[in-house]
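Values quoted throughout were computed directly from the atomic coordinates according to the rules given, and no laboratory measurement underlies them. Computed from a predicted structure; not experimentally measured. Counting neighbours? That spans all protein chains shown, and the Cβs are built from the backbone with ideal geometry, glycine included.
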Amino acid sequence: MKKKYLIVIADYYKEITSGLLESALKLIPKSNSTKIIRVPGVFEIPVTISKNVKKYDGFLALGCVIKGETPHFDFISQASTNAIMDLSIISKKPIGNGIITCLNLRQAMARKRKGAEAAKAVISILSQK
């Protein structure tokens, strides 16, 4: 059965998120419908999914947060993770969390393929009977 996917991608670190997106798209079957919405940062991902939750079967949240010198990293990482989990439970729809949280750019570059893991999780949940 054909499924509708929405990928919401935070473009703050485009060199990282392009790899997340590329790896995710390789796993979503071509017979499905996929829309991509780009947002400035990971904080905007949950509200974008929420606005579109009735239109799609599954979602991918893709982005990158790199730790700086302030607690901002911790707040953004935790808030986005909690919001994505809450949305998934309330809507009863899978949201693959492909938001990587890293201590530095080197770690982020090494994890650019994590979008595929988020896609695999959503595909798995959508295929449950």
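Contact order for region 42-129, expressed relative to its length and based on alpha carbon pairs under 8 Å spaced 6+ residues apart, stands at 36 percent. When the charge dipole of the chain is built from unit charges on Cβ atoms (+1 for Lys and Arg, -1 for Asp and Glu) and taken about the Cα centre, the candidate among A10, I95, G58 whose Cα reaches farthest toward its positive end is G58.
For region 1-95, which trypsin sites (Lys or Arg not before Pro) pass both filters: DSSP loop (anything but H, G, I, E, B) and at most 10 other C-beta atoms within 10 Å?
Taking region 1-95 and a limit of 10 other Cβ atoms within 10 Å, the loop trypsin sites (Lys or Arg not before Pro) found are K2, K30, K54, K55, K92.
For a footprinting-style exposure proxy, rank S23, S18 by other Cβ within 10 Å, fewest first.
Result, fewest neighbours first: S18, S23.
For region 9-111, GluC sites (Glu not before Pro) meeting the loop criterion (DSSP other than H, G, I, E, B) and having at most 13 other Cβ atoms within 10 Å: E69. Rounded to two decimals, the Cα-based Rg/Rh of the chain, with Kirkwood Rh, is 0.96.
DSSP finds beta bridges in the chain, and of those with both partners inside it, around 0 percent are antiparallel. A cut-off under 14 angstrom between Cβ atoms defines the neighbours of R111, and their net charge, with Lys, Arg +1 and Asp, Glu -1, is +2. In a simple Cβ point-charge model (Lys, Arg +1; Asp, Glu -1; nothing else charged), region 28-126 has a dipole of about 460 debye relative to its Cα centre. Mean residue ellipticity at 222 nm, helices only, the chain: -14500 deg cm²/dmol; runs of at least 4 DSSP H residues each add -39,500 (n - 2.57), and the sum is divided by the number of residues. In summary, the lysines within cross-link reach of K92, defined as a Cα separation below 21 angstrom excluding same-chain residues under 8 places away, comprise K2, K3, K4, K35, K51, K54, K55, K120, K129.
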